[in-house]
1. Give the shape of region 102-151 as rounded, prolate or oblate, defined through the alpha-carbon gyration tensor: a ≥ b ≥ c are the square roots of its eigenvalues, a/c under 1.5 means rounded, and otherwise the shape is prolate if a/b is larger than b/c and oblate if not.
2. Could you run the Karplus curve 6.51 cos²θ - 1.76 cosθ + 1.60 with θ = phi - 60° over region 13-21 and give me ³J(HN,Hα) per residue in whole Hz, x for Gly and Pro?
3. Show me, for region 135-147, the HN-Hα J-couplings you get by feeding each phi into the Karplus relation (A = 6.51, B = -1.76, C = 1.60, θ = phi - 60°), rounded to Hz, glycine and proline as x.
4. Out of residues 5 or more away from Leu126 or on other chains, whose amide H comes under 5 Å of its own, with H placed 1.01 Å from N in the peptide plane?
5. As a test of understanding, state the convex hull volume per residue of region 89-187 from its alpha carbons, in Å³.
6. Near the amide H of Asp94, under 5 Å away, which other amide H atoms are found, from residues 5 or more places off or on another chain, if H is placed in the peptide plane?
7. Mind listing which trypsin sites (Lys or Arg not before Pro) in region 79-187 are in a DSSP loop and have 16 or fewer other Cβ atoms within 10 Å?
8. Tell me, what HN-Hα J-couplings in whole Hz come from the Karplus equation 6.51 cos²θ - 1.76 cosθ + 1.60 at θ = phi - 60° for each residue of region 32-37, using x for Gly and Pro?
Amino acid sequence: MLEQHAVVLEDVLPLRLEKGEVDTARRGRLMLDNMALLKALLVMDDHLLVEDDSREAISSLETKIDLLLLLVGKGIQGLEPLPPCYSCALGAEDLYWETASPAGFPHENGPVCVALFLRPRIAMPLFLPGTLQMSVTQPEASAETLFRYHLHFQLDARVQESLDRLIFRHHRRSIARQKDHHHFSAE
């Protein structure tokens with residue numbers, strides 16, 4: 001799906017789109033939520049966390065507590081049902097997804113904010129404000145028309161760095177799984 005990015009996170013993920021520009025104050029709050037979520041996901045994924053270093057252990061604990069507080073806060077607000085899932089490809093600064101029905105998505109290019117649920121069980125989205133573009137494709141040997149969406153987003157530097165680390169870890173694990181699968185199937 002993503003020809004121009006070597007390292008991507010590809011998965012079927014829930015996403016919700018909000019049309020319009022994100023104002024500065026809201027963007028700041030979204031980036032703080034993004035940072036807390038990404039830090040928590042990185043800690044949860046980090047099986048090699050060195051518990052001997054007390055600073056890293058405390059940082060890990062603080063991140064988990066932050067995530068727990070965010071989850072409790074979301075629970076108090078009343079979690080909405082997850083939005084529909086789409087086959088997504090998340091790169092460093094771009095998100096792509098396809099759908100057979102454009103319902104709920106704008107037909108014109110413009111500013112939006114996508115809430116992408118990287119871990120649906122956590123029910124906390126990563127917020128990606130950016131510019132949306134839509135194109136229509138028809139795959140070879142298929143009568144079905146696909147609507148392809150491309151979101152070019154810009155995140156704060158710290159959030160971007162954490163997202164890059166998360167995508168790279170996902171990519172590395174994906175390669176390891178492929179090698180393991182190939183190794184087992186060759187035997």
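1. oblate
2. Karplus-based 3J(HN,Hα) across region 13-21 equals 10, x, 8, 10, 10, 10, 6, x, 6 Hz.
3. 9, 10, 10, 10, x, 4, 6, 9, 8, 7, 8, 10, 9
4. Amide H to amide H, under 5 Å and 5 or more residues apart or across chains, Leu126 pairs with Leu116, Phe117, Leu118.
5. Roughly 143 Å³ of hull volume per residue.
6. Answer set, sorted by chain and number: Phe153.
7. Arg121
8. Calculated HN-Hα couplings, in order: 5, 5, 4, 4, 4, 5 Hz.
Quick note: the coordinates plus some simple rules give every number you see, no bench work behind them. Quick caveat: nothing in here was measured; it's all calculated off a predicted structure. Heads up, the Cβs are rebuilt from the backbone with ideal geometry, glycines too, and the neighbour counts pull from every protein chain shown.
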